[in-house]
Amino acid sequence: MSLTFHWFLPTNGDSRHVVVGGHGTPATVSSRDRPPTVAYLSQIARAAEDLGFVGALTPTGAWCEDAWLTTAMVSQNSERLKFLVAFRPGSVSPTLAAQMASTFQRQTGGRLLLNVVTGGESREQRAYGDFLDKDDRYRRTGEFLHIVRDLWQGKNVDLRGEHLRVEDAKLSRVPDPVPEVYFGGSSPIALEIAARYADVYLTWGEPPAQVAGKTARIGDLAARHGRTLRFGIRLHVITRDTAEQAWAEAGRLLDGFDSATVRSVQEGLARSESEGQRRMLALHGGSREGLEIHPNLWAGIGLVRGGAGTALVGSHDEVAERIKEYHALGIDEFVLSGYPHLEEAYWFGEGVLPRLAAQGLWRHPGGKPDTLRAEAPFAY
């Protein structure tokens, strides 16, 4: 089985520095040197497509552009790349969401993947008119996905749930293919909902031992429901021809984090209700010291960015070895990103993917030959 790699569309802006904020904390305008225009995002999408990434994740929240609208526009400037669209079930009715997904599939030739984000921050949810607490949000997500999946199968749906109610709901045209559902969350109720409804369970980039424990729990829960999930991991990446070059780049990014920004972001993230965010914060404790928490796994990004806060850092061979280590734990899909996203896509796509191809672990989804590059694609 070929490993699957996805890239990231920075719909909150891109930069040669880490774009600060997210996950309940405000993004810093000054670090978004490249605005998230359709032209620039399309440039990243075309590069990812050419390099062999299957899809591209787009985030959701008040800090970035709307994922549905943005990907619909960018899709018209790409041919094969799929779009892993993050959305929050509390913001749209399940019948409308099922219809939107069906339309997206027809208009893009089946290039939609769905990343269901229940919403870990009550303060941000209330800004969108959602006043449920975290556990109730997850229960509503379960009802939402139950309705959507039945609609995609062409069923008439009547449901009077705890949080959602529909009567005689039906789609005039079902999506073909049915979009796969990606789902993340580390709390007990999140794992339960994922086990029942997800196709792919996503975890943030924790050290392998922690990832193994989490995937074992979710795998057991899914088995109780007679289901089998695939597993994916969300990471940043800094890969270069040599380890020294890669760690120098990590150091350059770290040097750009001023103490006031780190303190402000950490104070904001400490208020998060997200269990996954709590686990991310525990990896570095707000300190600049000891950030390599596992060989080639660097927690520096999480000092100033909410959500995914770790990066694979090293030579192309070292990064390939870490990917193989996660794959040995059952991780088959990798959702990656790097600053800036255009250049880092080339570093990874031309440096790491051919090495994995040479070992029979990856093949280009577009059928292109996989060759090792001889030189770095960009000069810094």
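The values are calculated or read from the model by the stated rules, or taken from the named source; none is laboratory data. In this text, all values refer to a predicted model and were calculated from it rather than measured experimentally. Cβ sites come from the backbone with ideal geometry, for glycine too, and all protein chains shown count toward neighbours. These area figures cover heavy atoms from the full protein model, side chains too; ligands, DNA and RNA do not enter into them. Shrake-Rupley method; radii C 1.70, N 1.55, O 1.52, S 1.80 Å.
Given (1) open to solvent by less than 10 Å² (accessible area, probe 1.4 Å); (2) in contact with a His (Cβ under 9 Å, 6 or more places away or on another chain); (3) at pLDDT 95 or above, where does VAL18 come up short, assuming only one miss? Going through (1) open to solvent by less than 10 Å² (accessible area, probe 1.4 Å); (2) in contact with a His (Cβ under 9 Å, 6 or more places away or on another chain); (3) at pLDDT 95 or above one by one, VAL18 breaks only (3). Selection within segment 276-286: residues that are part of a helix (DSSP H, G or I) and closer than 27 Å to ASP133 by Cα. The member of this set that is most open to solvent (accessible area, probe 1.4 Å) is ARG278. Scanning segment 115-138 for residues being over 28 Å from PHE334 (Cα atoms), assigned to a loop (DSSP other than H, G, I, E, B) and in contact (Cβ under 8 Å) with a residue 40 or more places away in the chain gives a total of 3.
Within 18 Å of ALA311 (Cβ to Cβ), crowded, with 17+ Cβ neighbours inside 10 Å, of a type in the set (A, V, I, L, M, F, W, C) and out of contact with any Ser or Thr (no Cβ under 8 Å at 6 or more places or on another chain): does that describe ALA299? When the stated conditions are applied, ALA299 does not pass them.
Across segment 109-138, the number of residues qualifying as open to solvent by less than 40 Å² (accessible area, probe 1.4 Å) and among the acidic types (Asp, Glu) comes to 4. Return yes when LEU269 is in contact (Cβ under 8 Å) with a residue 40 or more places away in the chain and open to solvent by less than 30 Å² (accessible area, probe 1.4 Å) and no when it is not. So LEU269 fits the description; yes. Set side by side, the residues GLU249, GLU289, GLU273 differ, and just one is outside any loop (DSSP other than H, G, I, E, B) and either under 22 Å from LYS134 (Cα atoms) or at pLDDT 90 or above (or both), which is GLU249.
Put simply, of VAL313, VAL304, VAL335 the only residue that is touching a Leu at 6+ places or on another chain (Cβ under 6 Å), open to solvent by less than 50 Å² (accessible area, probe 1.4 Å) and touching a residue at least 12 places away in the same chain (Cβ under 8 Å) is VAL335. If you go through segment 139-178 and keep only what is surrounded by fewer than 12 Cβ atoms within 10 Å (Cβ to Cβ), in contact (Cβ under 8 Å) with a residue 60 or more places away in the chain and either more than 12 Å from ALA101 (Cβ to Cβ) or of a type in the set (Lys, Arg) (or both), you end up with just ARG173.
For segment 71-92, a residue qualifies if it is in contact (Cβ under 8 Å) with a residue 60 or more places away in the chain, open to solvent by 10 Å² or more (accessible area, probe 1.4 Å) and polar (S, T, N, Q), but none of them does.
Going through (1) surrounded by 15 or more Cβ atoms within 10 Å (Cβ to Cβ); (2) basic (Lys, Arg); (3) at pLDDT 95 or above one by one, ARG106 falls short only on (1).
For the criterion of being at pLDDT 95 or above and either surrounded by fewer than 17 Cβ atoms within 10 Å (Cβ to Cβ) or aromatic (Phe, Trp, Tyr) (or both), THR95 fails.
When ALA101, ALA62 are checked against the criterion of being in contact (Cβ under 8 Å) with a residue 40 or more places away in the chain, surrounded by fewer than 17 Cβ atoms within 10 Å (Cβ to Cβ) and among the hydrophobic types (A, V, I, L, M, F, W, C), ALA62 stands alone in meeting it. Scanning segment 27-42 for residues that are within 19 Å of the chain's Cα centre (by Cα) and either part of a helix (DSSP H, G or I) or modelled with pLDDT under 95 (or both) yields ALA27, LEU41, SER42.
Out of GLY129, GLY120, GLY52, GLY61, which single residue is in contact with a helix residue (DSSP H, G or I) (Cβ under 9 Å, 6 or more places away or on another chain), modelled with pLDDT of 95 or more and among the small types (Gly, Ala, Ser)? None of the other options fit; the residue is GLY52. Inspect segment 249-260 for any residue being among the charged types (D, E, K, R), open to solvent by less than 30 Å² (accessible area, probe 1.4 Å) and under 18 Å from the mean Cα position of the chain (by Cα) and give the result as yes or no. Within segment 249-260, not a single residue is among the charged types (D, E, K, R), open to solvent by less than 30 Å² (accessible area, probe 1.4 Å) and under 18 Å from the mean Cα position of the chain (by Cα). Here is the figure for segment 41-52: residues that are touching a residue at least 60 places away in the same chain (Cβ under 8 Å) and under 16 Å from ASP14 (Cβ atoms) total 4.
Within segment 202-218, if we keep just the residues that are more than 11 Å from LEU329 (Cα to Cα) and part of a helix (DSSP H, G or I), the residue that is most open to solvent (accessible area, probe 1.4 Å) turns out to be ARG217.
Does segment 179-201 hold any residues that are within 24 Å of LEU96 (Cβ to Cβ), open to solvent by 20 Å² or more (accessible area, probe 1.4 Å) and at pLDDT 95 or above, and which are they? Of everything in segment 179-201, those that are within 24 Å of LEU96 (Cβ to Cβ), open to solvent by 20 Å² or more (accessible area, probe 1.4 Å) and at pLDDT 95 or above turn out to be GLU180, ARG196, TYR197, ASP199. Across segment 340-365, the number of residues qualifying as under 22 Å from LEU41 (Cβ atoms), in a loop (DSSP other than H, G, I, E, B) and open to solvent by 50 Å² or more (accessible area, probe 1.4 Å) comes to 1.
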